[in-house]
Amino acid sequence: MAERLSNREGIKGMANPTRYGIERVAYWLQRLSGLGLLAYLIGHIYETSSIVNGKIAWDKMLALTQTTEGHLILTIVIGMCVFHTGNGIRVMLGHGGVGVGRPGQPEYPYKAASLNYKQRLCIWVSIALAALAMMYGYSILMGE
Amino acid sequence: MATVSVPKSSEETTTQPSTITLRIKRSNPSESTEKTFSEFQVPVQKWTTVLEAILYVKQNLDHSVGVRYSCRQASCGSCGMKINGKPALACYTKLSELGTSIVTVEPMNNFPIIRDLAVNFEQLISNHKKIKPFIVREDSEITPGTKEFIQKPEDLEKFLQFSYCIKCGLCNSACPTMATDTSFLGPQALAQAFRYTADNRDQGKDERLKIVDDSHGIWRCHFAGSCSHVCPKGVDPAMAIQLLRGYLLGFRK
């Protein structure tokens, strides 16, 4: 009831990347890829821990990753990893005040200096690098 | 050389008003009424603002619509609302700029609703007060024997932009962290913390940094930039927050 009265958007609003430009899309992708990498880490620990159950258990677990589905998941992991790193560097530098512009007299129509072309370029480069890495990774995995 | 000519006939200068459908989200939490939309047909000119359309509805169609407004010129920060899904000032948004024949107005997110389009600013104001939005120092310009605090234009430029904040709450409404964290200070308060910290007359930097250095403070900002995207005054809260964080991370002194 209290939450309804507060009119908070909640996770649905936080996860909606459509309304506030590419920076909000980058924010959403960063969160999504972070969660994806966390899930991968947990899965990876589970997978490698099967080695303690002997060679048969290990081979059985490894065979799961050698399928088309397994390769697709690994390709997505490569993309998430590259995007999260590239965009993460942009965000970390931004957090220190690097590349966010300088304060000055705002002029109509008030384009925010922190949402500048360098930031946008870094986001697009991160997306492009992730796509390239995914294509390369997919070709290697499928070529095995 | 520019040429100014007189219009040939009165017909060419007369703009026939077109009509749009204004959908207003209605709710009254004090009576626990369900949220519904009321639709109104409103005649508009190319210069008609969303606020004028709402006031037309109040004057001619349904006087019970709840809306807060004052200056009608983007100076008071009273008429913030969600227009076609995005936070904006109703007095500062022309219907013709929206380019749709159906315009939906809703109360801003992340603020408790008072009624219909009016929201409660209690948290915004209390967070604003928390960060000590004033010059902190022992002496004062009005103390006898004290000289005027000299400030160069370049000193002024470091914070002037952030002093244009009208506390309309649009940044808090757009912020993804505000959407989920009820205790977050919010971009408005954090930007104002930087405004006073960057002022060379101020001596309260350490006090203010202690306030924002909190789990629900500056570290909850992830630089999504939505606050700066919707700011109607060019304050750029996202920049202020990152520069403020620079003090805590040792990038600035």
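The values are calculated or read from the model by the stated rules, or taken from the named source; none is laboratory data. Just so you know, these numbers come straight off a predicted model, no measurement behind them. Positions of Cβ are backbone-derived with ideal geometry, glycine not excepted, and every protein chain shown enters the neighbour counts. Accessible surface areas use protein heavy atoms only, side chains included; no ligands, DNA or RNA. Shrake-Rupley method; radii C 1.70, N 1.55, O 1.52, S 1.80 Å.
Tallying residues that are outside any loop (DSSP other than H, G, I, E, B) and either open to solvent by less than 10 Å² (accessible area, probe 1.4 Å) or under 15 Å from B:Leu160 (Cα atoms) (or both) within region B:229-253 yields 10.
Beta carbons closer than 6 Å, at least 6 apart along the sequence or on distinct chains, pair a first residue in region A:84-113 that is more than 8 Å from chain B (Cβ to nearest Cβ) with a second that is open to solvent by 80 Å² or more (accessible area, probe 1.4 Å) for A:Gly86/A:Leu129; A:Gly99/A:Leu93; A:Gly99/A:Lys118.
When region A:8-20 is filtered for residues that are touching a helix residue (DSSP H, G or I) at 6+ places or on another chain (Cβ under 9 Å), part of a helix (DSSP H, G or I) and open to solvent by 30 Å² or more (accessible area, probe 1.4 Å), only A:Met14 remains. The sole residue among A:Ala128, A:Ala133, A:Ala63, A:Ala112 that is touching a Cys at 6+ places or on another chain (Cβ under 9 Å) and more than 24 Å from B:Ile241 (Cβ to Cβ) is A:Ala133. Does region B:208-220 include one or more residues that are within 28 Å of B:Ile83 (Cβ to Cβ), open to solvent by less than 40 Å² (accessible area, probe 1.4 Å) and either within 9 Å of chain A (Cβ to nearest Cβ) or part of a loop (DSSP other than H, G, I, E, B) (or both)? No, that holds for no residue. Residues that are touching a helix residue (DSSP H, G or I) at 6+ places or on another chain (Cβ under 6 Å) and within 30 Å of B:Pro153 (Cβ to Cβ) do not occur anywhere in region A:83-93. Looking across region B:9-35, the residues that are over 22 Å from B:Tyr69 (Cβ atoms) and at pLDDT 60 or above come down to B:Gln16, B:Ser18, B:Thr19, B:Glu31, B:Ser32, B:Thr33, B:Glu34. Looking at region B:182-190, can you tell me whether even one residue there is of a type in the set (S, T, N, Q), within 12 Å of the chain's Cα centre (by Cα), more than 22 Å from A:Met92 (Cα to Cα) and at the interface with chain A (Cβ under 9 Å from one of its Cβ atoms)? Looking for residues that are of a type in the set (S, T, N, Q), within 12 Å of the chain's Cα centre (by Cα), more than 22 Å from A:Met92 (Cα to Cα) and at the interface with chain A (Cβ under 9 Å from one of its Cβ atoms), one finds none in region B:182-190, hence no. Considered as a group, the residues in region B:101-122 that are polar (S, T, N, Q) and in contact (Cβ under 8 Å) with a residue 40 or more places away in the chain include one that is surrounded by the fewest Cβ atoms within 10 Å (Cβ to Cβ), and that residue is B:Ser101.
Being within 19 Å of the chain's Cα centre (by Cα) and either in the same structural domain as B:Ile102 (by TED's automatic domain parsing) or surrounded by fewer than 17 Cβ atoms within 10 Å (Cβ to Cβ) (or both) holds for only one residue in B:Ser75, B:Ser38, and it is B:Ser75.
Which of the residues belonging to region A:83-103 are surrounded by 14 or more Cβ atoms within 10 Å (Cβ to Cβ) and assigned to a loop (DSSP other than H, G, I, E, B)? Within region A:83-103, A:Gly96, A:Gly97, A:Gly99, A:Val100, A:Gly101, A:Pro103 meet the criteria.
Test each condition in (1) in a loop (DSSP other than H, G, I, E, B); (2) more than 14 Å from chain A (Cβ to nearest Cβ) for B:Ala224 and report the one that comes out false. Failed condition: (2). Counting the residues of region B:236-253 that are more than 7 Å from chain A (Cβ to nearest Cβ) and either touching a residue at least 12 places away in the same chain (Cβ under 8 Å) or closer than 19 Å to A:Arg31 by Cα (or both) gives 6. Could you tell me whether B:Tyr164 is of a type in the set (Phe, Trp, Tyr), touching a Pro at 6+ places or on another chain (Cβ under 8 Å) and away from every other protein chain (no Cβ under 11 Å)? Spelling it out, it is not the case that B:Tyr164 is of a type in the set (Phe, Trp, Tyr), touching a Pro at 6+ places or on another chain (Cβ under 8 Å) and away from every other protein chain (no Cβ under 11 Å). Please verify whether A:Gly70 is open to solvent by less than 50 Å² (accessible area, probe 1.4 Å), free of Cβ contacts under 8 Å to residues at least 24 places away in the same chain, away from chain B (no Cβ under 14 Å) and outside any loop (DSSP other than H, G, I, E, B), treating the condition exactly as stated. Yes. Of all residues in region A:104-144, which are open to solvent by 80 Å² or more (accessible area, probe 1.4 Å) and touching a helix residue (DSSP H, G or I) at 6+ places or on another chain (Cβ under 7 Å)? Matches in region A:104-144: A:Gln105, A:Arg120, A:Leu129, A:Tyr138. Restricting region A:23-60 to residues that are in contact (Cβ under 8 Å) with a residue 60 or more places away in the chain and either open to solvent by less than 30 Å² (accessible area, probe 1.4 Å) or farther than 23 Å from B:Cys171 by Cβ (or both), the residue that is nearest to the other protein chains (Cβ to nearest Cβ) is A:Glu23.
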